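Shown next, in structure tokens, is the structure this report addresses.
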Amino acid sequence: MTLAERLGAAPLVELARGALAGEPDVWIAGGAVRDAVLDREIVDLDLAVAGDPERLAKLIADSNDGFAFELSAEFATWRAVARDRSWQVDATALRGETIEADLAARDFTLGAVAVPLAGGEPIDPFGGIADLERRRLRAVGAGTFREDPLRLLRAVRLAADLGLELDPETASLARSQAALAAEPAGERQLAELRRLLGGPDPLRGLALFDELALTAVVLPEVEALRGVEQGPNHHLDVLGHTLAVLERTLEVQADLERFAGERATDARALLAEPFADEMSRGTALRFGALFHDIAKPQTRGERDGWVTFVGHDSVGVETIAAICRRLRASAKLTRHLQALTLHHLRLGFMVHEAPLPLRRVHEYLRATEPVAADVTLLTVADRLSARGSGPFATDEAIEAHLDLAREMLDAALDWHRDGPPPPLVRGDELGRELGVGGRELGDLLEELEAAQYAGQISTPEEAIAWARRLRG
């Protein structure tokens, strides 16, 4: 099947052709052409148009019971979208007088190929099809990265996501201009990092960051982990351990039947939830893995011959705040990542108490909400990555942690779904009954919730009597 035939068989292309029949100078470009060459499903359609992108996007929308809106005034792009979000088509005005000029302004040769929407031979002035067939990522020109430094991050993401090798000249050009990667706005950097970490091979992407000297520019806090040696429970420096935790996080997400047991379906649904900054909870967990030990360099010490990182969890909260400010992350994502870092040690300190009484389970859930389930999964990846010779790295110690994590995850998923138990008695009622208020009333209500969760009380009368006994 030819490229034109593969494109023509795609439902999105059929949809656009039906709406724009007879419209001149409309080309399929970008990702759809790339995916057709790689024999991948075409899920997005980008059109380069010589005419008015607003008019054409509205034609597509109106012909298919969708709606259209301006996606980018800067790039003269309009988007037509299905009302149920099942499809989308972008129409962008040519960057230049001709389609050839438009393609010359693109970043990589794999995206600098256009095929007439009405059908016909591809326009491929830079050999993009041959590069795709060789699975090679090559810059269109020497000015690619200077024109838009975000392309440095995009090169890494495309290579990682599509399994491409960087052309040697492109890799050399990227390394020589790596410092430019700090220039794009923080939210643009975060968008590329989100797509990289949420993609199919984030570890290769981070390895390419290192190869192209980008880690120190885009994520200097991660670069600072390199060479920070740890104690006997760890067999890697902090950077190596961090990457191992990310690798184990991917393993946990891919095999929830093993790590979540009968709650695998619920855990999978949790991780698939849309969260913040256009990422799912699963992608946010990958960010959490990357940042969980981010403050170890500044907290490293030694005591009685042991390497320590006292307070790296709490200091990490401030480090993550600084990272998120630079990347202009939302407050919701910032708080989530901070909580993952702050609480990633908590479950490990409880393993020696197993089996846990319900009150301790409640204490953990209250302390870690709303990330109780997420951070429990993170602790699994963290413990699996500590394979040194110390007492906490033995097979028995790790298995004990995994057993407790499964039990806690079960409780955390219930808490995520249902929340805390509904109070047996309202605060105002308890206050009137006992003549208390303020902090004392708050403390009593917290105790009643814990007792209720533990099954020690189950009726309003029992709750009031319990509170009376507490007051003596």
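The values are calculated or read from the model by the stated rules, or taken from the named source; none is laboratory data. Computed from a predicted structure; not experimentally measured. Please note: Cβ atoms are built from the backbone with ideal geometry, for glycine as well, and neighbour counts cover all protein chains shown. Just the protein is used for accessible areas: all its heavy atoms, side chains included, with ligands, DNA and RNA removed. Shrake-Rupley method; radii C 1.70, N 1.55, O 1.52, S 1.80 Å.
Based on C-alpha pairs under 8 angstrom that are at least 6 apart in sequence, the chain has a relative contact order of 9 percent. Pull up the DSSP beta bridges for the chain and report the antiparallel fraction as a percent, rounded to 5. Counting DSSP beta bridges with both partners in the chain, the antiparallel share is about 80 percent. For GLY30, nonlocal amide neighbours, meaning residues 5 or more places apart or on other chains whose placed amide H falls under 5 Å from its own, are VAL113. Over what distance in Å are the Cα centres of segment 427-472 and segment 5-49 separated? Result: 65 Å between the Cα centres.
Per residue, the chain exposes an accessible area of 45 Å² to a 1.4 Å probe, with every protein chain left in place. Remark: segment 17-25, residue by residue, has Karplus-estimated 3J(HN,Hα) of 4, x, 6, 10, 4, x, 6, x, 6 Hz, where x stands for each Gly or Pro and the curve is 6.51 cos²θ - 1.76 cosθ + 1.60 at θ = phi - 60°. With K and R counted +1 and D and E -1, the other residues having a Cβ less than 13 Å from that of LEU38 yield a net charge of 0.
For volume of the Cα convex hull per residue in Å³, the value computed from the atomic coordinates appears in the list (i) 163; (ii) 189; (iii) 142 under label (ii). Accessible surface for SER330 stands near 40 Å², nearest 10, in the context of the full protein assembly shown (1.4 Å probe).
Ranked by the mean number of other Cβ atoms within 10 Å of their residues, highest first, the peptides 122-134, 69-81 fall in the order 122-134, 69-81. Amide H contacts for ILE123 (H built 1.01 Å from N in the peptide plane; partners 5 or more residues away or on another chain; cut-off under 5 Å): ALA114, VAL115. Counting Lys and Arg as +1 and Asp and Glu as -1 over every other residue whose Cβ lies under 12 Å from the Cβ of ALA48, the net charge comes to -3. Leaving out ligands, DNA and RNA, what percent of the accessible area of segment 20-96 is carbon and sulfur, probe 1.4 Å? Within segment 20-96, the accessible surface is 44 percent carbon and sulfur.
In the chain, the longest principal axis of the Cα atoms and the axis of helix 438-453 are about 80 degrees apart.
Count Lys and Arg as plus one, Asp and Glu as minus one, and take only other residues whose Cβ is under 15 Å from that of GLU100; the net charge is then -3.
Rounded to the nearest 20, the size of the Cβ-charge dipole of the chain about its Cα centre is 780 debye, with Lys and Arg at +1 and Asp and Glu at -1.
Using a 1.4 angstrom probe on the protein heavy atoms only, could you order TYR453, TYR364 from most to least accessible area?
On the way: TYR453 60, TYR364 0 Å².
Putting TYR453, TYR364 in descending order of accessible area: TYR453, TYR364.
Helix 53-63 versus the longest principal axis of the chain: what is the Cα-based angle in degrees, 0 to 90, to the nearest 10? Between the helix axis and the principal axis of the chain, the angle is about 70 degrees.
Ignoring ligands, DNA and RNA, how do ARG17, ARG85 rank by accessible area with a 1.4 Å probe, largest first? Don't skip to the end; give the middle numbers.
Numbers: ARG17 80, ARG85 160 Å².
Largest to smallest exposure gives the sequence ARG85, ARG17.
Computed from Cα positions, the angle between helix 150-162 and the longest principal axis of the chain comes to roughly 80 degrees. Only helical runs count toward this figure. For the chain, summing -39,500 (n - 2.57) over DSSP H runs of n ≥ 4 and dividing by all residues gives -16000 deg cm²/dmol at 222 nm. Distance from the Cα centroid of segment 359-402 to that of segment 98-156 is 46 Å (rounded to whole angstrom). What is the Cα centroid distance between segment 243-314 and segment 160-228, reported in whole angstrom? With segment 243-314 and segment 160-228 each reduced to a Cα centre, they are spaced 20 Å.
In whole percent, and with a 1.4 Å probe on the protein chains, what portion of the accessible area of segment 289-373 is carbon and sulfur?
On the way: 2210 of 3980 Å².
Exposed carbon and sulfur together represent 55 percent of the surface.
Of the peptides 335-348, 203-216, 257-270, the order by per-residue mean of other Cβ atoms within 10 Å, starting with the highest, comes out as 335-348, 203-216, 257-270. Remark: segment 208-221, residue by residue, has Karplus-estimated 3J(HN,Hα) of 5, 3, 5, 4, 9, 6, 9, 4, 5, 8, 8, 10, x, 5 Hz, where x stands for each Gly or Pro and the curve is 6.51 cos²θ - 1.76 cosθ + 1.60 at θ = phi - 60°.
A simple rule links phi to the HN-Hα coupling: the Karplus curve 6.51 cos²θ - 1.76 cosθ + 1.60 with θ = phi - 60°, which for segment 348-360 gives x, 6, 9, 4, 5, 8, 4, x, 7, x, 4, 5, 6 Hz, with x for Gly and Pro.
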